[in-house]
Amino acid sequence: MLEQLLKIAENQSLSGHEAFRNRKVHWFIDLDADGNYLGFSPTTAVGQFKDGRGKQYITPTNLYCQIEKGEIKSVCTNQHNWLPDFLTYPANELFPKGVDGKINEKKLQQSWKLIFEAKEALPQNKLLSAIKLYLQRVPDFPVNELSFSDDKEKEALLKRFKEDKERISFRVNGKIVFLDNGIRKWWDSRNEQMRNKILALLPDGKDLTLPDSGKLTEFFPIVFNNIPFASFDKPPFESYGLGKQTTPLRIETAERACAALNWLASDDNCHIKMGKDMVVVFWARDNNAVHSTGFASLLSRSDPLGVKDFFSNIWGHHAPTIQESNFYAVIIAPSRGRFSIYSWHTDTLKNAEGKLKAYFQTILMPLNGEDITFAISELAGVTVRKGKNSLPLPNTYVSLFETALFGLPLPHKLFKEVLIRQGVEMAKGAEEKDFEKRLATRTAVIKLFFKTTKGGDMEQEKHTIETTPGYLCGRLLAILDKIHQDAHRESGGTNNSPANRVYSAASKTPALIFPRLCNLARHHLSKIGGGWANCLEYGIPKEERGDGINEDFEGLAKVCSRLKETVDKEFPRTLSLVDQGRFAIGFYYEREHSRKLRKKETSSNNKTDADQNIETETK
């Protein structure tokens, strides 16, 4: 992994100790050349006060370590080694009284001291002179300059200022101060001098990544916003507390590797977030060129159009080299002050593309007449109950990602968890929010299991030719559910349909459930009556349908007949866990087919167009 990260850093010209980084600034204090206050302006439209606001700039950043009392220490990992960010500040580090009178005096002094240090080093710089004059007047936080639509908006914004989530900088006569060339050269030189002093204190040594000898690092840059790339306090094979080095790394190795990982984590096409604590970074490389893959936008959100474009060849100009290009992916859990690597994968870009296409073909599901797809987070979410307190396990995300990009079998445990949720949520009924989409999502996960472990496609096109008893029983339950609902439609509908009432039992012990349901279906069909009942019982070919849908509808009798043609020639006494999966897929596809078969009411009478067509065709 280190070797590949170093190649990314080289390709992107990243040293790892850059004096500037990409960061959002939310507000500007506008001054004139004499430091007189002119206004307080947001960098973007105010709108809702969320983290999505603010404008990205290349702003000054501190070196990741410093010298204090002759010793090297990290920077900004706790309150004792904190350093201010030059020319971009939270309100509480800039104004003497803070936002609400509670101020950290030490942080305020250090922020102002750094500005005055820059002014002393650049005495002719008019921008820094204006800022110094403004601060010497001991300004208050300009709360009166803020405009709010209501008290709720005011409270939300002030809370963000108090929590240091709004960053402030300066404009002098309309010029953004941290973009001034003179100031940027001074800051770059200052950081380089600091790094040279640190290098003088570091021991010499070698690592397994770079050739020759160099300085061995003691502290590492930050990745994933707040986590050191590595940390240690004991040497290899020795007891606790005997030294600062465990696995020696040259400082260049540490800096470049961190820079490359941060670059991947900042590119939306090179990383995705899965759940609360999982991140996947991935990239492609042919020869020495490193490029993003386009995977992230497809795996991290529901985007059927994006998937369609992907099937048409998302790689474009990479097509000639796709066969030889390498593909890399690493699954990382950054949390609680350190990160763990769950898995590392290498493959060819061609193989990864092929596996991803097969994955999307499997999870593409019909819902209400449209084909939809799902983000990995949605697939993981249906393995547990809904709600913030029920989060999928990290291994669930790992398994789904490895199935998507590398075709690894979906674990049997995950398959079982989805089937359990299927029975529980069917019993709750369709009144549950997002019920239909979660049903489609669970079915997609079940299909992934069959695709990767059984080698079966189980696609919608094969719906009417599937002959396994479990699949046919699932179809039968969906038809019986349709008959039950149509029989009760005129009386206001029902939430007590067979699918909600007996789904779990029907998928496990069909012989105990279906005979009774079929007997009830006779009463329901008699209640419906007419050509519509005839359609539900005996089906209707696509060429005879009067509702504009170009597909056959196999009714109750046809599915029962198919079931009698199976080996057992009767309802199975029990279904295995695998057959319960087939049951779920057959149920979902038949439910979607039945959903399309709808009566259309006319204004003249209660008889439908479909009724009239069916009655004419069956006389």
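The values are calculated or read from the model by the stated rules, or taken from the named source; none is laboratory data. What you see is a predicted model; the values in this text were computed from it and never measured. Quick reminder, even Gly has a Cβ in these numbers, built from the backbone with ideal geometry, and neighbours come from all protein chains shown. Each accessible area value is taken on the protein alone, full model and side chains, heavy atoms only, with ligands, DNA and RNA left out. Shrake-Rupley method; radii C 1.70, N 1.55, O 1.52, S 1.80 Å.
Worth a mention:
- Scanning the stretch 374-405 for residues that are under 19 Å from Ile341 (Cβ atoms) and surrounded by fewer than 19 Cβ atoms within 10 Å (Cβ to Cβ) yields Leu393, Asn395.
The rows are residues; the columns are (1) in a helix (DSSP H, G or I); (2) closer than 23 Å to Arg562 by Cα; (3) open to solvent by less than 50 Å² (accessible area, probe 1.4 Å).
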residue	(1), (2), (3)
Tyr471	yes, yes, yes
Asp481	yes, yes, yes
Asp486	yes, no, yes
Ser507	yes, yes, yes
Ala511	yes, yes, yes
Pro515	yes, yes, no
Lys527	yes, no, no
Ala533	yes, yes, yes
Glu543	yes, yes, no
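- Selection of the stretch 346-371 for residues being in a strand (DSSP E or B) and open to solvent by 30 Å² or more (accessible area, probe 1.4 Å) yields Thr346, Asp347, Thr348, Glu370, Asp371.
- Residue within the stretch 71-86 that is open to solvent by less than 20 Å² (accessible area, probe 1.4 Å), part of a strand (DSSP E or B) and among the aliphatic types (A, V, I, L, M) present: yes
- Members of the stretch 138-161 found to be of a type in the set (D, E, K, R) and surrounded by 14 or more Cβ atoms within 10 Å (Cβ to Cβ), listed by number: Glu153, Lys154, Arg160
- Selection over the stretch 254-293 of residues that are more than 26 Å from Leu393 (Cα to Cα) and surrounded by fewer than 23 Cβ atoms within 10 Å (Cβ to Cβ) gives a count of 9.
- Count of residues meeting criterion [surrounded by fewer than 16 Cβ atoms within 10 Å (Cβ to Cβ), within 37 Å of the chain's Cα centre (by Cα) and assigned to a loop (DSSP other than H, G, I, E, B)] in the stretch 164-191: 1
- Residues located in the stretch 550-578, provided they are of a type in the set (Asp, Glu), within 13 Å of Pro469 (Cα to Cα) and touching a Pro at 6+ places or on another chain (Cβ under 7 Å): Asp568
- Single residue of the stretch 1-30 satisfying the filter (over 23 Å from Pro42 (Cβ atoms) and hydrophobic (A, V, I, L, M, F, W, C)) that is surrounded by the fewest Cβ atoms within 10 Å (Cβ to Cβ): Met1
- Candidates Gly35, Gly98 - the one that is at positive phi, open to solvent by less than 60 Å² (accessible area, probe 1.4 Å), among the small types (Gly, Ala, Ser) and modelled with pLDDT of 90 or more: Gly35
- Met1 fulfils the conditions (1) closer than 27 Å to Gln136 by Cα; (2) in contact (Cβ under 8 Å) with a residue 24 or more places away in the chain except for a single criterion, (1).
- Verdict on Ala404 being more than 17 Å from Met278 (Cβ to Cβ) and not basic (Lys, Arg): no
- When we screen Ala404, Ala380 for residues that are under 18 Å from Gly455 (Cα atoms), modelled with pLDDT of 90 or more, within 17 Å of the chain's Cα centre (by Cα) and not acidic (Asp, Glu), the only hit is Ala404.
- Exactly one residue out of Leu108, Leu114 is among the aliphatic types (A, V, I, L, M) and in contact with a Pro (Cβ under 6 Å, 6 or more places away or on another chain): that is Leu114.
- Looking across the stretch 540-567, the residues that are more than 15 Å from His463 (Cα to Cα), of a type in the set (Gly, Ala, Ser) and either touching a helix residue (DSSP H, G or I) at 6+ places or on another chain (Cβ under 7 Å) or in contact (Cβ under 8 Å) with a residue 60 or more places away in the chain (or both) come down to Gly546, Ala557.
- Of the strands (runs of 3 or more DSSP E) lying entirely inside the stretch 253-296, those carrying at least 3 residues that are closer than 21 Å to Lys350 by Cβ are 278-286, 289-291.
- Taken over the stretch 501-551, residues that are among the charged types (D, E, K, R) and more than 42 Å from the chain's Cα centre (by Cα) amount to 7.
- Criterion (modelled with pLDDT under 80 and either over 30 Å from Gln66 (Cα atoms) or touching a strand residue (DSSP E or B) at 6+ places or on another chain (Cβ under 9 Å) (or both)) met by exactly one of Ile251, Ile322: Ile322
Yes/no matrix, rows are residues, columns are (1) free of Cβ contacts under 8 Å to residues at least 40 places away in the same chain; (2) acidic (Asp, Glu); (3) part of a loop (DSSP other than H, G, I, E, B); (4) within 24 Å of Phe571 (Cβ to Cβ):
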position	(1), (2), (3), (4)
Gly423	no, no, no, yes
Lys437	no, no, no, no
Thr443	no, no, no, yes
Gly456	yes, no, yes, yes
Glu461	yes, yes, no, no
Thr464	no, no, no, yes
